[in-house]
Amino acid sequence: MLVVVVFGASGDLARRKTYPALFALYRRKYLPEDFRIFGYARSELTQEELNAKLMPFLKKHAITQGDQELLGRFLGRCEYISGSYNSPSGYVALKEKIEALPTEDTGHEYDHVRLFYLALPPSVFTEVATQIKSVLYNDRYQNRLIVEKPFGRDLESSNALSQALAPLFQEDELYRIDHYLGKEMVKNIMTIRFSNLFFNAVWNRDCIANVQIVFKETLGVEGRGGYFDEFGIIRDVMQNHLLQMLTVVAMERPATLDAEDVRNEKVKVLRCIRPLHRDEVILGQYRGSADGSHAGYLDDETIPSNSNTPTFAMATLFVENERWSGVPFVLRCGKALNEQKAEIRIQFTNVPGCLFPNAARNELVIRVQPNEAVYMKLMVKRPGFDSQPIVSDLDLSYADRYVGLHIPEAYEALILDALRGDRSNFVRADELQNAWRIFTPLLKEIEERHSIPAEYPYGSRGPAAADERLKELGFLRHGLE
Ligand code: BG6
């Protein structure tokens, strides 16, 4: 029987993401009828009390009367156990419950899967993984450990964490989540690149002028700044989510779609990027909004009033290989900005000897969220007697084209991959190590020099210096994006 154990079951990640994703999979019949989910955490709670905490998030997936019944059945397969993370007694109680489950083969492909999901802060990763290995691990089953960032705060601490986990779980039992790799449009990048002849042919430094990878959020920390202030925007999203998107855009075609082939190619890209330094990035921190309706970062009660933690960062990276040498990859991310979006914008070079002096560059945009889309900016003749070219869009918006089709949430997609044993969208140890290699010198310089980030108003485009840099690089050709 499929057994899933969610450690940190009463916490935010489990409530918002893990349980709802499991229910969404059950509702769509991606889980077998027979399975058990054990929640484990320190809080003394009954299953009913846990259900009450989960309900607001589960309800989003329970729309019809039929869904309500399914939700009841799903919760009937969930059991909560409270126990400490560092002493074995709770794990032993959990083991007894798991061992009391029926063991007969139902013939389902997940019959032998034991998924241990660590929805926990990294400070307890190692002790929980140690207890899992000594008490719960059973080599008659396929044991899989799902962990989630932050994987350390620099190369050294990340390596220490990897070294602590390595003797406990084999690399092929470890599933490190970067949830951006589970997003539909990020998964789509490989399909777009490697199954369309016309993209394949122009995907190189001769035809691509630059690549921009953008992550913008409209909210600031809004009273939940404890974690963020310790980590900052570079560790929170740039070193992982944005860099992962870069690797998928830049990687060579893998020999096959096998996880090791895919991740080998991603690692090669990372190895071609040299470490970043302070003068190559623009940092920002938001202040109150111009109309006074939103407080600034330093006014937030969870943030120390002298914090220099960046809430905005823009960095330019180069992949020094034959395909990409000289092409800037601009990663731009921030909180409390003017819009909510994540996208990849590939700007092509000018047409050599173009007949139309006003022609703008072509762009391919992969909009990750919201409103998933792929669109091309093309030059067409302005309709009428004129021969002036104008910029127009070839627009594939998913909501219009695939009406009614379910676009899975990142966590649904990733948990299903973990059940299936497909690791291609999970981060391998050497990817992680290389990501930290690129960002650690920069982070050290920022912290040692007490770098003061540029200010920008809540709800704006970010620090003026970032737009100036984009203009200098010639990226703002279609106006402000
Ligand atoms: C998380 C970051 O990894 O990603 C958050 O810690 C950020 O700060 C979030 O808000 C964004 O994820 P999504 O899926 O909402 O774009």
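Quick notes on this one:
- Take every DSSP beta bridge whose two residues both sit in the chain; close to 50 percent of them are antiparallel.
- Subtracting the Cα-Cα distance of Glu79 and Glu301 from 0.36 nm times their residue separation leaves 76.3 nm of extension gain.
- Other residues with beta-carbon under 15 Å from the beta-carbon of Ser305 carry, at +1 per Lys or Arg and -1 per Asp or Glu, a net charge of -4.
- Over the stretch 181-473, Cα pairs under 8 Å with separation of 6+ residues give a relative contact order of 28 percent.
- Lysines whose Cα lies under 17 Å from that of Lys216, excluding same-chain neighbours fewer than 8 positions away: Lys183, Lys335, Lys341
- Packing-based exposure ordering (other Cβ within 10 Å, fewest first) of Met55, Met379: Met55, Met379
- Taking 14 Å as the straight-line reach from the Cα of Lys59, the aspartates and glutamates in range (excluding those fewer than 8 positions away in the same chain) are Asp67, Glu69.
- Here the stretch 2-148 is described by how far its Cα atoms reach on the three principal axes: 43, 34, 25 Å, from widest to narrowest.
- Charged side chains reduced to their Cβ positions (Lys and Arg at +1, Asp and Glu at -1) give the chain a dipole of some 780 debye around its Cα centre.
- Segment Cys207-Lys29, length gained on full extension (0.36 nm per residue, minus Cα span): 59.6 nm
- Proximal aspartates and glutamates to Lys17, defined as alpha-carbon separation beneath 17 angstrom and excluding residues fewer than eight positions away on the same chain: Glu148, Asp178, Glu184, Glu409, Glu412, Asp417
- Order of Cys333, Cys207, Cys78 - criterion: other Cβ atoms within 10 Å of each residue's Cβ, fewest first: Cys207, Cys78, Cys333
- Listed pairs Lys444/Lys471; Lys377/Lys471; Lys95/Lys187; Lys97/Lys133; Lys53/Lys97 exceeding 25 Å between Cα atoms: Lys444/Lys471; Lys95/Lys187
- Compared with the direct C-alpha span, the chain from Arg449 to Glu230 gains 77.2 nm at full extension, assuming 0.36 nm per residue.
- Residue-count net charge about Glu320 - beta-carbon cut-off 13 Å; Lys, Arg +1, Asp, Glu -1: +4
- In the chain, helical runs assigned H by DSSP with n ≥ 4 each contribute -39500 (n - 2.57); averaged across all residues and rounded to the nearest 500, the mean residue ellipticity at 222 nm is -9500 deg cm²/dmol.
Here, each number is a calculation from the coordinates, and none is a lab measurement. The structure displayed is predicted, hence computed values, not measured ones. Glycine gets a Cβ as well: all are built from the backbone with ideal geometry, and neighbour counts include every protein chain shown.
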